[in-house]
Structure formats: structure tokens, C-alpha cells
1. Filter segment A:1-58 for residues that are touching a helix residue (DSSP H, G or I) at 6+ places or on another chain (Cβ under 6 Å), among the charged types (D, E, K, R) and closer than 20 Å to A:Ala99 by Cβ and give the result.
2. If B:Glu302 passes every condition in (1) in a loop (DSSP other than H, G, I, E, B); (2) of a type in the set (D, E, K, R); (3) closer than 16 Å to B:Ala67 by Cβ but one, which one does it miss?
3. Could you look through segment A:199-222, keep only residues that are farther than 18 Å from A:Leu159 by Cα, among the aliphatic types (A, V, I, L, M) and in contact (Cβ under 8 Å) with a residue 24 or more places away in the chain, and pick out the one that is farthest from the other protein chains (Cβ to nearest Cβ)?
4. Considering every residue within segment B:17-37, establish whether at least one is within 30 Å of B:Pro266 (Cα to Cα), of a type in the set (D, E, K, R) and surrounded by fewer than 20 Cβ atoms within 10 Å (Cβ to Cβ).
5. Check whether at least one residue in segment A:54-73 is more than 22 Å from the chain's Cα centre (by Cα) and surrounded by 20 or more Cβ atoms within 10 Å (Cβ to Cβ), and report yes or no.
6. Restricting attention to segment A:184-198, which residues are more than 10 Å from chain B (Cβ to nearest Cβ) and of a type outside the set (A, V, I, L, M)?
7. Among the candidates A:Ala205, A:Ala132, which residue alone is within 24 Å of A:Leu231 (Cβ to Cβ) and of a type in the set (Gly, Ala, Ser)?
8. Among the residues of segment A:143-160, is any farther than 20 Å from A:Ala87 by Cβ, modelled with pLDDT of 90 or more and either touching a helix residue (DSSP H, G or I) at 6+ places or on another chain (Cβ under 6 Å) or assigned to a helix (DSSP H, G or I) (or both)?
Amino acid sequence: MCFDQLALTLAAPGQLVGVSDVARDPLLSPRWREARALPAVRMRIEEILGLRPDLVLLDAQAPAHVAALLRRAGVAVVALREAATFAEGLARLRDVAQALGRGDAGRTLADDLERQRAAIVGEPTARRPLAAVWQANGFTVGAGTMPDDLLRLAGWRNLAAERGMGAFAPLPLETLLRAAPDLLILDGASSERPSLAEALLAHRALRREFPGGRTLVLPPGQWLCAGPQNLDALRQLVAARRRIGGVP
Amino acid sequence: MSGAGRWWWLMLVVAALLALSIVVGPAGLSWRAAIADVLTGHDSVPALVVLEIRLPRALLGAVVGAALGMAGAAMQGLLRNPLAEPGVLGVSACAALGAVIAFYSGLVQLLPAVLPVAAMLGALLGTVALFVWAGRGATVTTLLLVGVAINALAGAATAFGLALSPNPYAFYEVMFWLMGSLADRSLDHVALALPCVVLGAIPLLAMRRGLDALSLGEETALALGIVPSRVARWVGLGTALAVGGAVAVSGVIGFVGLMAPHAVRPFVGYRPGATMLASAGAGAALTLAADVAVRLLPTGRELQLGVMTALLGAPFLGWLALRHRAGRAGGAAWL
């Protein structure tokens, strides 16, 4: 899914023959419009081979037999590890560009993104206010993830990382209130239809403790995967820091 | 012990468990500050945790437990069957199906009150199906078989309905609806459930005398001026309203309605009417205790409340069945 985003950004017109089905979800994928113009595949080898690709970009975490079967079928496979930091994201962007034979375009874009990042983030600040990420089902995002790195770059401390809570862990509502973070970052709705998991984000206690000014809604598509969209997330996080916690 | 003394004891136990439920939680609180802030209406974090998170959970434990306990006693009294219970016989599952349809279709976002109304309609449908299908004076076996069928059908329909939702989280919420939980509920949920449960309790309590008379046999009841079909209609309606209101906010919490009446029946002289009232108290106590237990158990994520009550209730159901077999001499153990 994350490599779909990068490939959609970098590939020459007509170069891609298929993307994964999640890449077409407008709430998860910033490039869903482009993705919808292409056939979607799930992790089924038959479907992938049916598109007769020369190259498959595969998540390094995909089951080993998938890559082995694809290779036996004569398809080149490039297995890539998901990026967990902005810097890794740029490296991955170059990798994908290289694999697609568009190394120059990749390097140019990566350099440009790095320049923009430096401009958005500016000088490091002395006081780093505390932010907490709270997602559906009361899960929070800790160290070793892209959101954690973007928070750090934007001058925030991440509650879950400070408490060593693991990459993706439940944070009880009570504990969240007691920690009293300066900013609460919520997911956007993942569907037009409701779920209990997301109804929790509108709990009365949260509405009372975190009025509009202390919350930021950041759709997962902006900071889950590496890509140019991370800069939008960074801009919003830096703006929120200046608004809320930036004053010494 | 005198009659009045027993009622005081029951109320004391429920009150103590309510207090315990408010004390237990993941965030440590400075109680002096919390109590002072609650009393003065000061909007601090400790006050917020107590009033908006722990209080609703404790209140819901009592309200939902009382509704299930009362409904279980009413069904056992009406059907003259020790194994009758809204959870086991599928009434709760039908209520959950109603709630699921209302919630995931988006209707509840337009009007929150649709949630308990849909759950009550579901429970009513389940009750009617049970009465029509099993019929009057059904044997324990027939009633249980029909109940198992309704339960399985409603549970499967719930899972199917959740799988149809385009929301990626919806499917995993089948655990909440079929196993029940009181985690992260708010005062909004209390405001939804409480009126429905009270509304259901009115016909149930009004039929206390009718149930007492029915326990003596239908002819005796008729001689006393009690119309059995009228009692059945009102008890069915009251059960559906109370169970629907409870399930709409907590999901299916099984076995509370089974265990609570049996726990109190010896203390109230085996009269169905009085059992109903006492069973409401016992159901509240049982649910509160189970809800405290799931929060104290060292599980990674909090256990569903229905899992806890099933751990207690399923062996109890087996024990009841054994005793029933011994009483009727209908079958012997194989091994």
C-alpha cells in the first residue's frame, strides 16, 4: 500500500499495470484517483500474474512463498521494507524510483522534499509540547513509526513514545485524560458509515477536556505512509505547535 | 434473618459494588481532589474521570444487570422453567441484531434514540418468536432447542450485517455485540438505557401477582381472576423493553438472567413475583462484580464482560441441567 503511493508518484504514464486494492481507498490513500484508473489486486498471486507484470514491488513482510512463486514465474521482485521515519521514506522513494528505472526523477523529488521539510520545520525549539495520538478503538502510535518521527520533526513530544508503549498500543481513555497532553491528534473517519471504534473518539469526556482548539484531525493517509503527503502533515503539526505550545 | 433485613443486605451489596466499580480503573486518582472537585463542580481531570468515565460505567453495570436479572426471573416464572433466560434463549441476541442494524446503517447518527428503540423491537421480535415457536407449556428441551435456534440465527445475522458495513472496524465489533462490554461507555449511554429499562420494569412489576398465581397452575390462576395469556403478553413486553434497553448499550451479556434468580429464590420463599425484584438486585451485583473483575484481570486487552459471565454461568447451566436430570431420572451419565 505504501509502495503503491510512491510508485503512483514516480512511474511514467502507462508503466504501472496494477496497484493493491487499499490504494483506491480515498480515506487511506492520497493518490486514490490515479489508483482507481488501474486494476486492483489483493495479495493473490494469480491476480498479480494475470496482469503479466515484468516487476513486482513487494513489502518485505509479505509471506516468503509469494516472492518465491513470483520469481519462479519469471517476474522480477523487489522487496522493500516500510519506512518508519521521514529520512527512511526518502530512501525508499529513491529505491522505488530506481526499481522503476526512473532514478533521476526519484533523486530530484527526494532532494526537493528534504528542502521543503527543512523549510517547514525551521530551527529546533527549546520547549517541546506534548502530543497524544488517539485512533479508533483507543489505540495510540508509539516509537518506531512514521507518525512518531513526524511529530518529533515538528517539535512535539509523543506521549506513547515517552511511555514506551510500543508501535501500536491501546491507551485507556482515563490514562489519556490524566496525561493531559497539549494536543490530541485524532483520525479522520475511515468510512461514511459509523463504527463503535470511531464513535469512541466522540466520547463526552474527550469533548469536554479537549475543545476544538486542542485537537487536530489528521487523516491516516497523510502520515501513515512515506511520500510527499507527509509534508502536509508536518505543516499542520508545526502550525498547531506554534498555535498551542510554541509560546515559551 | 427477617424479611426486611434481607432486602437491606441486598441493597448494601449493590451499593458496595457500585462504589468499588468507581474506585477501580487504569488511572490512579487523588481521591481527595477528585471528591472535592466533584462536589464543587470544578471541571478538573480527576472530576472528569470520575463523573464521565467511571460513574457511567458503574451505573450501567447496575442498570444492565438489574434489567437482565429481572428479565431472567420473569421468563423463568412465566415459562415455569429454570433454564429460561434472555441470553440463552436468544432474546438478547435479537436485541443486538436490532441495535446493529440501526447503528451501522447510520440511522443512530441522525437520532440517538433509534438505537434502544431498534434493540427493543429486536428483543420483542425474539420474544414473540420464542412464545409462538415453543408454545405454551413447552418442555425444557423444546424451549431450549427453539432458544438455541433463535440465538444462532440472530448471532449469525449480526455477524453478517457487520460484514456488510463498508467501515473497516465494523466487522471486528461483532465481539462487542455478541459478548458484551461496558468499557468506555458514557453518560449518554446511561441516558439511553435507563428510561427503557424503567419502562420495561413497569409491566414486569405490575405482573408480580399474576406470576405468583400462575406458579400455582393455570386453573388456579383463572380461579383467582388472572388471565394467563394477558400475563404472558405483559411479561413478554416488559422483558423485551428491559433487555432491549440494556443490550443497546452493552451488547449481549449472557447468563446473568440465569444465575441471578437462582441465587435469590430461596430467600424470597420461591415466589416468582418477589424473586423478580430480588433478582434485579442480584443481577446488578453480579454484573458489577464481573465488570470489576474484567478490569482487574491481568489480560493484555480488557476481557469482554460476556466472557466473564459465561465463565461463571455456563458451568452453572450445566449444574442446573444435571440437577434437572437427577430430579426427572431422564437419562444417566455415560462414563
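1. Across segment A:1-58, the qualifying residues are A:Asp4, A:Arg31, A:Glu34.
2. (3)
3. A:Leu200
4. Within segment B:17-37 (the criterion being within 30 Å of B:Pro266 (Cα to Cα), of a type in the set (D, E, K, R) and surrounded by fewer than 20 Cβ atoms within 10 Å (Cβ to Cβ)), the answer is no, since none of the residues qualifies.
5. Within segment A:54-73, one or more residues are more than 22 Å from the chain's Cα centre (by Cα) and surrounded by 20 or more Cβ atoms within 10 Å (Cβ to Cβ).
6. The answer is A:Asp187, A:Gly188.
7. On inspection, the qualifying residue turns out to be A:Ala132.
8. Looking through segment A:143-160, at least one residue is farther than 20 Å from A:Ala87 by Cβ, modelled with pLDDT of 90 or more and either touching a helix residue (DSSP H, G or I) at 6+ places or on another chain (Cβ under 6 Å) or assigned to a helix (DSSP H, G or I) (or both).
The values are calculated or read from the model by the stated rules, or taken from the named source; none is laboratory data. The structure displayed is predicted, hence computed values, not measured ones. So basically every Cβ, Gly included, is an ideal-geometry build from the backbone, and we count neighbours across all protein chains shown.
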